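The structure that follows is given in the form of structure tokens.
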Amino acid sequence: MTDDSSAPLLSHVFVPVATEKDARETAVALAPYDPERVTVVHVVEKGGGVPDKTPVEQSESIAATAFEAFRERFPDAETETVYRRNVVQGIVDAAAETGASAIAFQPREGGRLKQFLSGDRTLRLVTDADRPVITLPGRTE
């Protein structure tokens, strides 16, 4: 883990994506900020003793498609696939392992009930991260 808190905020941006659409929209939102280096990550949520939400092969296919969509704007983006029970902790840990200067993402749509049931991942990411978290504007429907 690299801890260079004096590094410029956009020197190495770590970007979690969930789907092809999410990856494309996030890349569009990030592009105007022109980060020096980008690592895009997809977290495969593991069941932890119960069946996984989706088969691993399907999750890996979703990740590959999302990475391709992100690379339309950032062809040199590095990619990471992380397998974790806790998605937010997977993002935070992987960002630390890569020495990212910041985590950037677009909040996903969801009503209050969905946020309550999922534990509001956006809030947890912002409060649990050990590095700056950048919320990108411009989510489109």
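The values are calculated or read from the model by the stated rules, or taken from the named source; none is laboratory data. From a predicted model like this one, the values you see are computed outputs, not experimental measurements. Every residue, glycine as well, gets a Cβ built from its backbone with ideal geometry; the counts of neighbours run over all protein chains shown.
Looking only at region 48-107, count every residue that is under 17 Å from residue 19 (Cα atoms), modelled with pLDDT under 90 and of a type in the set (Gly, Ala, Ser) and tell me the total.
Residues that pass the stated criteria total 1.
Only one residue in 25, 68 is assigned to a helix (DSSP H, G or I), farther than 16 Å from residue 11 by Cα and out of contact with any Asp or Glu (no Cβ under 9 Å at 6 or more places or on another chain). Which one?
On the way: 68 fails: out of contact with any Asp or Glu (no Cβ under 9 Å at 6 or more places or on another chain).
Exactly one of 25, 68 is assigned to a helix (DSSP H, G or I), farther than 16 Å from residue 11 by Cα and out of contact with any Asp or Glu (no Cβ under 9 Å at 6 or more places or on another chain), namely 25.
Quick check on my filter: what residues within region 7-22 are buried (at least 18 other Cβ atoms within 10 Å of the Cβ) and not in a loop (DSSP other than H, G, I, E, B)?
Scanning region 7-22 gives 13, 14, 15, 16, 22.
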